[in-house]
Amino acid sequence: MGSEALYSMFGWQGSNIFQRRNGKTIIMRNYSPTNPNSQSQQKWRGSFGDAVSLWQAMSDSEKASWNDYQNNRRRRPVMSGYNLFISKYLLTNGNPKIPNQG
């Protein structure tokens with residue numbers, strides 16, 4: 001198979017998935033993720049949903065504060081204020097706060 005034919009492939013082919021990333025074709029094996037559906041997993045899913053609901057209920061200025069805090073952090077990874085809020089919510093058992101910046 002020529003490289004042009006390989007580049008033009010995408011989607012499912014047998015048990016493989018063909019994707020294009022950065023101008024290259026990547027071949028991955030198909031897999032079926034498992035769902036443990038344990039009590040612990042359900043608790044985390046509930047907490048995640050609570051965090052998303054709280055973010056959605058915030059005012060635009062509160063969201064802007066989280067985005068500004070994230071944009072001015074020296075540490076990485078680079079993420080949005082939304083992602084940082086969700087992370088802090090989960091790590092602090094539902095009590096995320098923006099630290100004093102001074």
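Classify the range 61-102 from the C-alpha gyration tensor, please: rounded if a/c falls under 1.5, else prolate or oblate depending on whether a/b exceeds b/c.
Since a/c stays below 1.5, the shape of the range 61-102 is classed as rounded.
Please list, by residue number, everything in the range 37-58 whose backbone N is under 13 Å from a paramagnetic label point 7 Å out along Cα→Cβ of residue 80.
Zone members listed by number: 52, 55-56.
Assign one of three labels to the range 9-102, namely rounded, prolate or oblate, based on the Cα gyration tensor with a ≥ b ≥ c the square roots of its eigenvalues; rounded applies when a/c is under 1.5, prolate when it is not and a/b is larger than b/c, and oblate otherwise. It would help to have the intermediate numbers written out before the result.
On the way: a/c = 3.01, a/b = 1.62, b/c = 1.86.
Cα axes put the range 9-102 in the oblate bin.
Quick one: length gained pulling residue 19 to residue 41 fully straight, 0.36 nm per residue minus the C-alpha distance?
Length difference between fully extended and current span is 4.9 nm.
Among residues other than residue 27 whose Cβ falls under 13 Å from its Cβ, what is the net charge (Lys/Arg +1, Asp/Glu -1)?
Local net charge: +4.
Could you check the spin-label model distance between residue 26 and residue 73? Points 7 Å from the Cα along Cα→Cβ, value in nm.
The modelled label-to-label distance comes out at 2.4 nm.
Rule-based calculations on the coordinates, nothing more; no lab input. Keep in mind that what you see is a predicted model, and the values were worked out from it rather than measured. For neighbour counting, all protein chains shown are included, and Cβ atoms are generated from backbone atoms with ideal geometry for every residue, glycine included.
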